Amino acid sequence: MKNKKLKIFMLGDSTSILYEPYLKKALKDNFYYSRKTGKEPELAGFSEIQKPNAKDSRKTKDYLKLISAKFNTDILLINTGLHDIRYEINSSTPQVSIQDYEKNLKDIIKLGKKCSKIIIWITTTHINDTQHNNYPGITFKRFEEDNENYNQVALKIMKLNEIPIIDLRQFTLDIGGNVFTDHCHFTKQVRQKQAFYIAQQIENMSLWMLN
């Protein structure tokens, strides 16, 4: 890679927040890494998106609407989807329907292209229905069948728009064993592996996409 460091900006949920320290360290030689903080001036008055967590695709889209005109980066990493498939305990519908999820992703791509040279999509990691939905104190549910279906929609949209994909879902599945610390988050060892994998993929992609 050339000597110029490239800027990476992350939009992701809590899974990305947890692997972020290892990812930032793995990328430090060739990239300036940052993420949504929720403290951007453009977000004043928009309390729902004033946090580092990008939440669901609707909130990710809303965030990009507010900042895309005044923000730019070389690479925009997006790792969001788990919040879309959340069900409140007494609800029979997900937080974001699969139809709206598809529409939101199309809008996210359009907005992302306004503020970044390239967008990279990171697939949503798997869950274990039994462990997730019976976890002590859990106030919402998720189902792996939805996760698979939403991932397939995302893959279709990204491929149609020629958006590079880092398949973190399959990578994590291939690790095997008991990878979870709670309902959907991963052990320290798994987070480190995820970060190293993502960093390698970004390094390989950026070599031919930006140089």
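The values are calculated or read from the model by the stated rules, or taken from the named source; none is laboratory data. Please read these numbers as outputs of a predicted model, since none were measured by experiment. Because the Cβ atoms are built from the backbone with ideal geometry, glycine has one as well, and the counts that use them run over all protein chains shown. The protein model used for the area step is the full one, side chains on, heavy atoms only, and it has no ligands, DNA or RNA in it. Shrake-Rupley method; radii C 1.70, N 1.55, O 1.52, S 1.80 Å.
So what's the net charge close to Gln95: Lys and Arg +1, Asp and Glu -1, counting the other residues with Cβ under 13 Å from its Cβ?
-1
Considering only Leu66, Ile8, Ile85, whose Cα is most displaced toward the positive end of the charge dipole of the stretch 1-147, charges sitting on Cβ of Lys, Arg (+1) and Asp, Glu (-1)?
Ile8
Taking only protein heavy atoms and a 1.4 Å probe, what accessible area per residue, in Å², does the chain have with all protein chains in place?
49 Å²
Which value, in debye to the nearest 20, gives the size of the charge dipole of the stretch 104-200 about its Cα centre, when Lys and Arg are +1 and Asp and Glu are -1 at the Cβ?
In debye, rounded to 20, the stretch 104-200 gives about 560.
Are any of the pairs Lys39/Lys117; Lys24/Lys141; Lys28/Lys156 more than 28 Å apart by Cα-Cα distance, and if so, which?
In this structure, Lys24/Lys141; Lys28/Lys156 exceed 28 Å between Cα atoms.
In whole Hz, with x marking every Gly and Pro, tabulate ³J(HN,Hα) for the stretch 116-127 from phi via Karplus 6.51 cos²θ - 1.76 cosθ + 1.60, θ = phi - 60°.
After applying 6.51 cos²θ - 1.76 cosθ + 1.60, I find 9, 6, 9, 10, 10, 9, 10, 5, 7, 5, 6, 10 Hz.
Hey, can you grab everything whose amide H is under 5 Å from the amide H of Ser68? Only 5+ residues off in sequence or another chain; H modelled, so Pro and N-termini drop out.
Distant-sequence amide H within range of Ser68: zero hits.
Might you report the magnitude of the Cβ-based charge dipole of the chain about its Cα centre, with Lys and Arg at +1 and Asp and Glu at -1, to the nearest 20 debye?
Charge dipole of the chain: 1040 debye, to the nearest 20.
Cα gyration tensor of the stretch 1-116, axes a ≥ b ≥ c as square roots of the eigenvalues: rounded (a/c below 1.5), prolate (a/b > b/c) or oblate?
prolate
Out of all DSSP beta bridges with both ends in the chain, state the antiparallel percent to the nearest 5.
15 percent
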